[in-house]
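The values are calculated or read from the model by the stated rules, or taken from the named source; none is laboratory data. The shown structure was predicted, so the numbers you read here are calculated from the model rather than taken from an experiment. When we count neighbours, we look across all protein chains shown, and the Cβ atoms used for this are built from the backbone with ideal geometry, even at glycine. Protein only, heavy atoms only, side chains kept; ligands, DNA and RNA dropped before computing areas. Shrake-Rupley method; radii C 1.70, N 1.55, O 1.52, S 1.80 Å.
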Amino acid sequence: MKKLFKVETNASTMFVSYDEEEKIARVLDNEETEGGLDIREVEDDSSWDVYEDVEDIEAFVGIDDTPDSSEIVDEITINF
């Protein structure tokens with residue numbers, strides 16, 4: 001099982017899947033994530049950018065105490 005996040009940054013909106021057990025994050029950050037695509041419409045993350053050894057997903061996506069911090073706006077558990 002993975003967590004799938006919709007994350008808004010100061011530059012874009014991206015989707016991030018995270019396998020907490022394997023510490024692998026996959027990121028889709030392009031024109032497909034801007035606008036109307038809903039997190040529940042995502043069917044696959046196999047072609048997304050892969051990042052290994054991600055211990056802290058919030059730090060990875062840029063969530064901190066600064067005014068320009070990223071924000072998780074939606075989250076679901078998914079089985080790809």
Subject >> Computed helical MRE - 222 nm, the chain, DSSP H runs ≥ 4 contributing -39500 (n - 2.57), nearest 500 >> reply: -1000 deg cm²/dmol
**OP:** Within the set of other residues whose C-beta is less than 10 Å from the C-beta of ASP38, count the net charge using Lys and Arg as +1 and Asp and Glu as -1.
**Re:** 0
Original post:
When only C-alpha pairs under 8 Å and at least 6 residues apart count, what is the relative contact order of the chain, in percent?
Top reply: 42
Original post:
Out of (i) 5.7; (ii) 5.1; (iii) 6.2, which label holds the value of mean projected area of the Cα convex hull in nm² that was computed here?
Top reply: (ii)
Original post:
With the chain treated as a Gaussian network of Cα nodes joined by springs under 10 Å, which of ASP49, ASP29, ASP65 yields the largest mean-square fluctuation?
Top reply: ASP65
**OP:** Subtract the Cα-Cα distance of ILE63 and SER12 from 0.36 nm times their separation in residues, and report this length gain in nm to one decimal.
**Re:** 17.0 nm
Original post:
If contacts are Cα pairs under 8 angstrom and at least 6 residues apart, what is the relative contact order of the range 2-43 in percent?
Top reply: 33
**OP:** On the protein heavy atoms, probe 1.4 angstrom, tell me the percent of accessible surface of the range 2-43 carried by carbon and sulfur.
**Re:** 38
Original post:
Suppose every K and R has +1 on its Cβ and every D and E has -1 on its Cβ; what is the size of the dipole of the chain about the Cα centre, in Debye to the nearest 20?
Top reply: 180
**OP:** Taking amide H positions as placed in the peptide plane 1.01 Å from N, state which residues far from ASP74 in sequence (5 or more) or on other chains have amide H under 5 Å from it.
**Re:** LYS6
